[in-house]
1. Treat every Asp and Glu Cβ in region 4-323 as -1 and every Lys and Arg Cβ as +1, leave all other atoms uncharged, and give the resulting dipole magnitude about the Cα centre to the nearest 20 debye.
2. Which of these, 60, 46, 168, has the largest mean-square fluctuation under a Gaussian network model of the chain (Cα springs below 10 Å)?
3. Return the label of the correct value of mean projected area of the Cα convex hull in nm², as calculated from the structure shown, out of [x] 23.3; [y] 16.8; [z] 20.9.
4. Let a ≥ b ≥ c be the square roots of the eigenvalues of the Cα gyration tensor of region 82-230; is it rounded (a/c under 1.5), or, if not, prolate (a/b larger than b/c) or oblate?
5. How much length, in nm to one decimal, is gained on full extension between residue 202 and residue 311, taken as 0.36 nm per residue of separation minus their Cα-Cα distance?
6. Could you give the distance between the Cα centres of region 124-173 and region 81-97, to the whole Å?
7. Mind checking which aspartates and glutamates have their C-alpha under 18 Å from residue 138, skipping anything on the same chain fewer than 8 residues away?
8. Residue 228: which lysines have alpha carbons under 25 Å from its alpha carbon, excluding same-chain residues fewer than 8 sequence positions away?
Amino acid sequence: MTDITAIVPLDLGYRPKDILDKAIRLADAAEKANVRMVFGLNDRGTRIDRELKKRLEGFTTSTIVLGKLDYDSVNMSALRNLAFSAVESEYLVLLDVDIWPDFQILQKYQEKIGSGHRPFYFLPCLYLTEAGSRHLAKQAKDTAALTAKYFSFSRKEFLHLASPSSITVMQSRDYHAIGGFNVSFVGHGYEDFDFMLRLAARYDEVHTSPDFLTRGSARSPLFATGFKRDLGRICFDPLLEKDFVYHLHHEKAPTSRFYAARTDNFERFAAIHSSFVEGADRDDPTLISEFLMHCRQSGKNINDYSILFENKPGHIDRYDTFRRRLRFLLP
């Protein structure tokens with residue numbers, strides 16, 4: 001048994017069949033890799049909750065911790081804390097149910113932490129289209145082929161690259177030290193950035209700046225500004241190694257209360273981290289200069305990473321069906 005545990009929050013109140021199928025896929029992969037997996041489930045007492053619990057009984061390396069959460073919407077923070085209550089290993093990985101199970105990558109970065117390279121890692125995450133998800137399912141043992149497509153500027157398999165993402169490999173003692181996830185973040189958004197900033201601040205890796213709370217987004221991870229710039233810097237090593245986790249496609253409920261909470265959650269996030277808004281402007285408000293320097297210091301050829309500079313606005317060319325392209329153009 002490896003000395004790492006993956007924790008995954010589950011709430012079957014929305015897209016239940018999709019989440020159930022992906023949870024079973026994760027449990028099966030963890031079993032084969034001999035990795036501990038803990039699911040934190042908001043048990044609503046439904047038929048599909050009972051089905052999930054029954055099917056997970058067949059896996060020896062997976063555990064399910066049950067809670068009956070009384071919140072207006074899904075609370076991923078509370079579910080992660082619930083799952084963490086059953087963690088006994090020295091190392092921990094924060095996973096989402098939509099992540100393709102590649103435990104070899106996760107163990108690689110656990111070993112780097114154990115060797116003293118860094119105290120924790122945020123791993124870059126490529127969000128896949130439906131076509132990209134099908135490709136991965138058909139060639140389950142060949143994520144390298146998908147990575148090669150990304151660096152060759154292929155479009156149809158990918159929506160965007162999240163760097164940083166919330167997929168975190170860390171020491172379990174740090175989860176305790178920073179108090180876990182903040183359960184006041186209910187619904188979608190910013191509970192992960194809040195956790196990541198507190199973890200990074202524990203190791204003095206967060207820097208003040210006037211634009212720290214900038215909400216701007218960018219296609220290229222190297223054009224990140226504000227707090228995403230500070231967190232994105234921590235992803236440089238995995239980016240140079242071309243190590244990614246993959247987020248499988250799923251449909252969103254356009255009017256879901258879960259997603260509608262994002263604005264309120266940002267206001268909460270901004271209030272908590274307002275102390276980082278100070279100091280002088282950066283010479284480079286993005287990560288471009290720092291990445292070039294890191295690349296040079298690591299002996300890497302910058303031409304091998306051209307895709308990371310691609311910052312074309314919108315992503316109509318990344319929609320893999322005519323219907324999705326039309327929906328993007330005619331909202």
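Readers should treat all values here as calculations from the given coordinates under stated rules, not as data from a laboratory. None of the values given here were measured: they were computed from a predicted structure. Cβ coordinates were reconstructed from backbone atoms using ideal geometry, including for glycine residues, and neighbour counts include every protein chain displayed.
1. 840 debye
2. Maximum fluctuation in the GNM of the chain, among the listed residues, is at 46.
3. [y]
4. Numbers: a/c = 1.73, a/b = 1.25, b/c = 1.38.
Oblate, because a/c is 1.5 or more while a/b does not exceed b/c.
5. Result for the pair: 36.1 nm of gain on full extension.
6. A separation of 22 Å, based on Cα centres.
7. 18, 21, 28, 98, 102, 130, 157, 320
8. Straight-distance partners of residue 228: 108, 112, 242, 252, 300, 312.
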